[in-house]
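Student: My structure is below; once you've seen it, I'll send some questions.
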Amino acid sequence: MTDGATTAVAEETLKGGGTPPSRAPSKTLRSPWTAVIALAILLVALFPVLSDDLYYQNMIILAMVFAVGAVGLNIITGYAGYISLGQGAFIGLGAYTVGICVSDIGGSPWVWVPVAGVLAGLVAAALGVVAMRARGHAFVILTIAFLFLVQLLATNWDELTNGTGGITLPIPTWSVDYQYWPFYYTLMGLLAVSLVLSWWIRRNKFGMGLVAIREDEDKAATVGVSTPTYKILAFVASAVFVGMAGGVYGYYISFIDPLGMFNILLSVQIILSLLLGGRDTLWGPVLGAFIIEWLNETSNQEFQGGNARLLIFGGLLVLVVMFLPRGIIPTANRWIEWWRTRGKAGLAGERLTGIDLRARAAPAREAAEPSGPPLLEVKGLEKRFGGVRAVDGASFAVPEGSITALIGPNGSGKTTVFNLIGGTMTPQAGEVWFDGQRIDGKPPWQRAHLGLGRTFQITRLFREMTVLENVVAPLQGFHPRLLGADAVSGREARRAEDLLEFVGMRKYRDVHASALSYGQQKLVELAQILMLDPKLIMLDEPAGGINPTLIERIGEMIRELNAQGKTFLIVEHNMPFVLGMCNPVLVLARGQTIASGTADEVQRDPQVLDAYLGEDFRLEEPARA
Ligand code: ADP
Ligand code: MG
């Protein structure tokens, strides 16, 4: 390999790279916050002892209720990317649970607070099962519907809830000397536990899966994340402590009714707290909740609440979305980062440099004879989109240990076949067999766990994750214990680094995927699916849109992996690349397999020449890709 070749790759990797690489925020960035947070915690903790101003105690109590709500919402909205406008319902559910239990069964309201948490969790799980089929706007609407549904239930289920008459809770029995302290410190404790949960989730595999879902849910499924399980668990985690806080809140305000408890404004305030403070941050929701509660109180004082409050919150929502889309904490972090690096050529001037191609140049070899039984077998696969028969009875087999090519004109259904095999689409007819099992009907993550890895024609990385995070995100299986495992550490992280080394991308491990060039993304996506340790690797146009040197390098990697026992199924238009390396070659036209055989046989097949290669196609000598 010459130096010229290295330069060519370097140029490729720089393409589209006018922007400096965005690195993951460094640990040191958080240090200015540590002092601020510690001081704020101390202030809040000592406030009731130092001051007996009940007005502010009340404000902080309400702020903490919203904060618990917003920290919970952050799990489903900030991490997983699902916006819920029904979060306020869990406050109401918690309050009602405590209210009903106290008036029907008796005992101290405190006893029922944990029950409120359990019930909120159960309802969240049930809601999750229903709502998790919906995405985007449909999901938001479902959560609003849920809020109104519980409100309707609370209004009309008279025997249980006393309808619009509401429920009055007993007056606290402790000495007035203690003011609101029990409420105050219980809520502070709940907020602390919610924060610990939120922090714990974000740093382990569970959180990593949620972020993968936020970034690209279908892709997350193909790399082994069992998306429904993750989403339902996230929903439960986001509701349990909110339910408990709601129970305390109900006791605190001592009167609960459907209008007050299931007011959509409560949910709006929670969302607003999260957006204002900063999604996907630990402290953002807390900061936001305190600001929102202060605004809430001010507007009540200055404008007598009511419609003015609606106007203020509506207006603020618009302003935040327009001018502070990332929220206060992320924006402040950016400013701090800018301030620290200003004038220093360091980060901004740093360029992504080329991949070192000299590291390993495996000798090229002729396409090997396919051996063994089929690892993948497709029988009579059909997929229609309206009137378009994208896949129309395709049948073929991929021998174990082979590098099989799937070629054919544009629109002949190659990508659709990949989607049907990988599970991102379901066929209308036909069967897919993999490693002795029938897999059509299985969800994508189960297919990934069985050893099926695929890349996408247009690369799909988790853009907000770093390169290393992208590579450790895939999961080879599912086990509840896995959820609690560190996201990036130990043997897996080392393996991910080795794979990045293999594809020549190790030095970019801390760069955000969104800063990579197209060719670099392809390499990282390859490392990503290798993390699944797949038996079959399906590549959709691996050589498309990248320069010849990188194509050559990818060819070498495929050969090397194949020599290590990986089977490949490759869709590609670059004929020298395909014909020099693949055996057998399958030809797809109008959704049907019209030929299969060695490169030589396929090149001479009149049907193939007619449908794809063209009358006078002749590859002089199979090039060594
Ligand atoms: P190839 O990868 O061989 O170029 P595709 O599998 O992408 O072909 O597409 C096959 C046919 O199916 C094309 O006519 C395409 O327009 C159609 N098609 C693919 N995906 C969809 C979709 N999601 N919705 C509707 N039509 C689709
Ligand atoms: Mg395609």
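The values are calculated or read from the model by the stated rules, or taken from the named source; none is laboratory data. Since the structure is predicted, the reported quantities are computational estimates derived from the model, not experimental observations. Backbone-built Cβ (ideal geometry, glycine too); neighbour counts: all protein chains shown.
Student: I want to confirm something. Restricting to segment 497-537 and keeping residues that are of a type in the set (D, E) and under 20 Å from A212 (Cα atoms), which single residue is nearest to the chain's Cα centre (by Cα)? First the steps, then the outcome.
Tutor: Kept after step one, since they are of a type in the set (D, E), are these residues of segment 497-537: 497-498, 501, 510, 525, 533.
Filter again for under 20 Å from A212 (Cα atoms), leaving 497, 510, 525, 533.
Numbers: E497: 21, D510: 18, E525: 16, D533: 21 Å.
For segment 497-537, the residue satisfying everything is E525.
Student: I need the full set of residues from segment 94-114 which are of a type in the set (V, I, T) and either under 21 Å from D158 (Cα atoms) or modelled with pLDDT of 90 or more (or both), in order please. It would help to see each step written out before you state the result.
Tutor: Just the residues of segment 94-114 that are of a type in the set (V, I, T), to begin with: 97-98, 100, 102, 105, 111, 113.
Scanning segment 94-114 gives T97, V98, I100, V102, I105.
Student: With A394, A485, A473 as the choices, which residue is more than 30 Å from N574 (Cα to Cα) and either aromatic (F, W, Y) or crowded, with 17+ Cβ neighbours inside 10 Å (or both)?
Tutor: Details: A394 fails: more than 30 Å from N574 (Cα to Cα); A485 fails: either aromatic (F, W, Y) or crowded, with 17+ Cβ neighbours inside 10 Å (or both).
Sole residue among the options that is more than 30 Å from N574 (Cα to Cα) and either aromatic (F, W, Y) or crowded, with 17+ Cβ neighbours inside 10 Å (or both): A473.
Student: Something else now. For segment 570-589, enumerate the residues that are outside any strand (DSSP E or B) and either crowded, with 20+ Cβ neighbours inside 10 Å or in contact with a helix residue (DSSP H, G or I) (Cβ under 8 Å, 6 or more places away or on another chain) (or both).
Tutor: Passing the criteria: E572, N574, M575, F577, V578, L579, G580, M581, C582, P584.
Student: Which ones in segment 133-165 are among the polar types (S, T, N, Q) and part of a helix (DSSP H, G or I)?
Tutor: Result: T143, Q151, T155, N156, T161, T164.
Student: Looking only at segment 385-398, which residues are more than 9 Å from ligand 1 (Cβ to nearest atom) and either in contact (Cβ under 8 Å) with a residue 60 or more places away in the chain or basic (K, R) (or both)? Outline the logic, then answer.
Tutor: If we filter segment 385-398 for residues that are more than 9 Å from ligand 1 (Cβ to nearest atom), which is where we start, we get 387, 392-398.
Scanning segment 385-398 gives D392, G393, A394, S395, F396, V398.
Student: What are the residues in segment 332-353 that are among the charged types (D, E, K, R), modelled with pLDDT under 75 and not in a loop (DSSP other than H, G, I, E, B), if any?
Tutor: Across segment 332-353, there are no qualifying residues.
Student: Of all residues in segment 399-451, how many are closer than 16 Å to E377 by Cβ, more than 16 Å from ligand 1 (Cβ to nearest atom) and not in a strand (DSSP E or B)?
Tutor: Result for segment 399-451: 12.
Student: Restricting attention to segment 459-484, which residues are in a loop (DSSP other than H, G, I, E, B), in contact with a helix residue (DSSP H, G or I) (Cβ under 9 Å, 6 or more places away or on another chain) and not basic (K, R)?
Tutor: Just the residues of segment 459-484 that are in a loop (DSSP other than H, G, I, E, B), to begin with: 459-465, 473-479, 484.
Still in the list and also in contact with a helix residue (DSSP H, G or I) (Cβ under 9 Å, 6 or more places away or on another chain): 459-465, 473-478, 484.
Of everything in segment 459-484, those that are in a loop (DSSP other than H, G, I, E, B), in contact with a helix residue (DSSP H, G or I) (Cβ under 9 Å, 6 or more places away or on another chain) and not basic (K, R) turn out to be T459, L461, F462, E464, M465, A473, P474, L475, Q476, G477, F478, G484.
Student: Considering only segment 442-453, I want to know if a residue exists there that is more than 16 Å from ligand 2 (Cβ to nearest atom), under 23 Å from F385 (Cα atoms) and crowded, with 20+ Cβ neighbours inside 10 Å.
Tutor: Taking segment 442-453 as the starting set, the residues that turn out to be more than 16 Å from ligand 2 (Cβ to nearest atom) are 442-453.
Cutting the leftovers down to under 23 Å from F385 (Cα atoms) gives us 442-444.
Among the residues that remain, those that are also crowded, with 20+ Cβ neighbours inside 10 Å are: 444.
There is at least one residue in segment 442-453 that is more than 16 Å from ligand 2 (Cβ to nearest atom), under 23 Å from F385 (Cα atoms) and crowded, with 20+ Cβ neighbours inside 10 Å.
Here is a yes/no grid of residues against (1) among the hydrophobic types (A, V, I, L, M, F, W, C); (2) within 16 Å of ligand 1 (Cβ to nearest atom); (3) modelled with pLDDT of 90 or more:
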{"residue": "L526", "(1), (2), (3)": "yes, no, yes"}
{"residue": "D540", "(1), (2), (3)": "no, yes, yes"}
{"residue": "R559", "(1), (2), (3)": "no, no, yes"}
{"residue": "T567", "(1), (2), (3)": "no, no, yes"}
{"residue": "P576", "(1), (2), (3)": "no, no, no"}
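Student: Looking at this structure, is L381 outside any helix (DSSP H, G or I), in contact with a Gly (Cβ under 9 Å, 6 or more places away or on another chain), free of Cβ contacts under 8 Å to residues at least 60 places away in the same chain and within 12 Å of ligand 1 (Cβ to nearest atom)?
Tutor: Details: outside any helix (DSSP H, G or I): yes; in contact with a Gly (Cβ under 9 Å, 6 or more places away or on another chain): yes; free of Cβ contacts under 8 Å to residues at least 60 places away in the same chain: yes; within 12 Å of ligand 1 (Cβ to nearest atom): yes.
It is true that L381 is outside any helix (DSSP H, G or I), in contact with a Gly (Cβ under 9 Å, 6 or more places away or on another chain), free of Cβ contacts under 8 Å to residues at least 60 places away in the same chain and within 12 Å of ligand 1 (Cβ to nearest atom).
Student: Could you list, in sequence order, the residues of segment 101-121 that are out of contact with any strand residue (DSSP E or B) (no Cβ under 7 Å at 6 or more places or on another chain), more than 20 Å from V71 (Cβ to Cβ) and assigned to a helix (DSSP H, G or I)? Can you show your working first?
Tutor: Step one: of segment 101-121, the residues out of contact with any strand residue (DSSP E or B) (no Cβ under 7 Å at 6 or more places or on another chain) are 101-102, 104-121.
Narrowing further to those that are more than 20 Å from V71 (Cβ to Cβ): 101-102, 104-112, 115.
Hits for segment 101-121 are C101, V102, D104, P109, W110, V111, W112, V115.
Student: Next question. Conditions: (1) in contact with a Phe, Trp or Tyr (Cβ under 7 Å, 6 or more places away or on another chain); (2) modelled with pLDDT under 90; (3) not charged (D, E, K, R). M132 meets all but one. Number of the miss?
Tutor: (1)
Student: Here's a check for you: in segment 531-566, which residue that is in a helix (DSSP H, G or I) and charged (D, E, K, R) is surrounded by the most Cβ atoms within 10 Å (Cβ to Cβ)?
Tutor: Keep residues of segment 531-566 that are in a helix (DSSP H, G or I), which gives 548-563.
From what's left, charged (D, E, K, R): 552-553, 556, 559-560.
On the way: E552: 22, R553: 24, E556: 19, R559: 21, E560: 13.
Among those residues, the one meeting the criterion is R553.
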